[in-house]
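Trainee: Structure below; questions to follow.
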Amino acid sequence: MKIAFPCNENMGMDSQVFNHFGTAKIFVVVETESNNVEIIENQDLNHKHNMCQPLKALGDIKVDAVAVGGIGGGALKKLKASGIKVFKSEKGSVKDCLNQIKAGTILEFNPIHICSGHDHKGGCGLHK
């Protein structure tokens with residue numbers, strides 16, 4: 001399985017998973033079978049609010065899943081419509097989140113948890 005983790009700094013598997021998909025600077029992409037790590041820049045970083053194009057953001061890299069702290073409704077729908085699972089990550093590193101996915105202890109994103117707006121640091125104001 002190939003999983004993309006939105007992050008703001010490239011520290012490989014020690015990168016912290018970011019709390020908002022569309023404003024992450026990079027994606028740490030991990031192939032779970034081989035643990036190969038690929039770093040890609042967000043190709044849709046400067047999109048207008050509510051105009052995120054998640055497949056463009058991923059640079060057309062084919063992934064099976066995304067793990068992120070927060071995501072808007074449009075991006076969530078577009079990823080799911082493309083057959084991409086979206087996992088709700090808590091704070092932590094790519095390695096920590098990957099271990100949770102492998103252990104089955106992380107949930108898929110539910111539409112009631114979508115982002116309701118951005119804060120001043122590019123983070124996500126989540127619906128409660």
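Nothing in this text is a laboratory measurement; each read-out follows from the coordinates by a stated rule. Predicted model, so just to flag it, every value in this text is computed and none were measured. FYI the Cβ positions are ideal-geometry reconstructions off the backbone, even for glycines, and counts take in every protein chain you see.
Trainee: Can you give the Rg to Rh ratio for the range 2-118, taking only C-alpha atoms and Rh from Kirkwood?
Mentor: 0.92
Trainee: Would you mind counting up the charge near Ile106? Only other residues with Cβ under 11 Å from its Cβ, with Lys and Arg at +1 and Asp and Glu at -1.
Mentor: 0
Trainee: Net charge around Cys97, counting only other residues with Cβ within less than 12 Å of its Cβ (Lys, Arg = +1; Asp, Glu = -1)?
Mentor: +1
Trainee: Okay, moving on. Given 0.36 nm per residue, what is the gain on full extension from Ala103 to Lys2 after removing their alpha carbon distance, in nm?
Mentor: Length gained between Ala103 and Lys2: 34.8 nm.
Trainee: How many nm separate the modelled label positions at Asp60 and Ile40, each set 7 Å beyond the Cα in the direction of the Cβ?
Mentor: Going from the Asp60 label point to the Ile40 one covers 1.0 nm.
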